[in-house]
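Here is the structure we will look at.
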Amino acid sequence: CALSVLCFCLISYPCFSQTAKDILGKWIEAQGGAKVLEGIKDTTVNGTMELIQMGLSGSITMYQKEPNKLRMDIEVMGMVITQAFDGQIAWMTNPQTGTTEEMPESQAKEVKRQALGNDSLLHPEKYGISYELKGKEKVDDKDCFVLEQTFADGHKVTLYIDSATYLPYKSTGKTLNQMGAEVMAETYFSNYQKVDGTTVPHLMTVFQEGKEFMKMTFTKVSYNTGLDESLFKMTK
């Protein structure tokens with residue numbers, strides 16, 4: 001998911017091999033360090049998005065509050081489409097009717113994973129998340145460490161960490177397309193910039209089944225603005 005990666009960082013974890021511990025230790029430093037990430041209680045990201053295959057563009061605002069709340073507001077063609085998870089219920093606005101409704105289970109699982117914030121990254125064992133080093137691989141012109149991330153529900157994501165910077169360059173995993181069908185997605189992270197002691201990608205390019213699907217350009221990242229719990233609750 002777009003927002004989790006923005007804050008992405010991991011502490012060395014006892015069940016990892018020593019090599020993975022070394023990589024993850026350097027990764028956390030590259031992202032800004034554990035102390036900085038522990039101090040982030042909520043994150044707001046503003047930006048623009050392009051849906052390449054549909055020829056559409058619009059704005060996107062993402063909110064995340066620790067430990068597991070998420071809201072995304074997407075404005076396109078004069079409509080605002082919201083997807084959110086309040087820690088218990090995943091919900092969305094129906095673009096055809098404008099009403100709010102709970103998400104289907106398959107979509108809800110995906111949003112719940114995306115909603116996990118810094119606490120799940122700093123303490124993955126609390127959430128049943130594990131990581132396994134799968135070796136090293138060249139991606140484009142970059143030599144990358146390959147980490148397989150497995151969530152408590154069995155969902156797997158492969159992360160490619162640039163060996164020169166120890167920052168994420170690419171991730172791959174299954175996701176749901178616009179029709180609700182499962183497809184393979186690749187996400188590339190670039191244009192890293194410093195934000196209040198963290199290092200954040202400001203461009204994310206998503207491919208589905210090998211075809212460019214979406215670009216998200218982030219124009220502003222803000223921390224600890226005091227997001228209210230009510231922002232994430234489903235309204236009728």
**Report entry** In segment 73-121, the residues that are within 16 Å of the chain's Cα centre (by Cα) and of a type in the set (D, E, K, R)
**Finding:** D73, K109, E110, K112, R113, D119
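Residues checked against (1) over 20 Å from K142 (Cα atoms); (2) at pLDDT 95 or above; (3) aromatic (F, W, Y); (4) open to solvent by 20 Å² or more (accessible area, probe 1.4 Å):
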{"residue": "T172", "(1), (2), (3), (4)": "no, yes, no, yes"}
{"residue": "M179", "(1), (2), (3), (4)": "yes, no, no, yes"}
{"residue": "Y188", "(1), (2), (3), (4)": "no, yes, yes, yes"}
{"residue": "M204", "(1), (2), (3), (4)": "no, yes, no, no"}
{"residue": "F207", "(1), (2), (3), (4)": "no, yes, yes, yes"}
Query raised in the report: Of all residues in segment 198-236, which are out of contact with any strand residue (DSSP E or B) (no Cβ under 9 Å at 6 or more places or on another chain) and more than 23 Å from M92 (Cα to Cα)?
Result: K211
Query raised in the report: When you go through (1) modelled with pLDDT under 95; (2) under 20 Å from E50 (Cα atoms) one by one for K220, which number turns out not to apply?
Result: (1)
Query raised in the report: K142 fails exactly one of the following numbered conditions: (1) among the basic types (K, R); (2) touching a Phe, Trp or Tyr at 6+ places or on another chain (Cβ under 9 Å); (3) within 24 Å of A115 (Cα to Cα). What is the number of that condition?
Result: (3)
Query - Looking only at segment 94-132, and only at residues there that are touching a residue at least 24 places away in the same chain (Cβ under 8 Å) and among the hydrophobic types (A, V, I, L, M, F, W, C), the one that is farthest from M234 (Cα to Cα) - result: L122
Query raised in the report: Applying the selection to segment 62-92, what residues are polar (S, T, N, Q), open to solvent by less than 40 Å² (accessible area, probe 1.4 Å), closer than 27 Å to L122 by Cα and in a strand (DSSP E or B)?
Result: Q64
Query raised in the report: Of everything in segment 93-121 that's part of a loop (DSSP other than H, G, I, E, B) and open to solvent by 50 Å² or more (accessible area, probe 1.4 Å), which residue is nearest to I28 (Cα to Cα)?
Result: P104
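The values are calculated or read from the model by the stated rules, or taken from the named source; none is laboratory data. Please read these numbers as outputs of a predicted model, since none were measured by experiment. When we count neighbours, we look across all protein chains shown, and the Cβ atoms used for this are built from the backbone with ideal geometry, even at glycine. Only protein heavy atoms, including side chains, enter the accessible area calculation; ligands, DNA and RNA are left aside. Shrake-Rupley method; radii C 1.70, N 1.55, O 1.52, S 1.80 Å.
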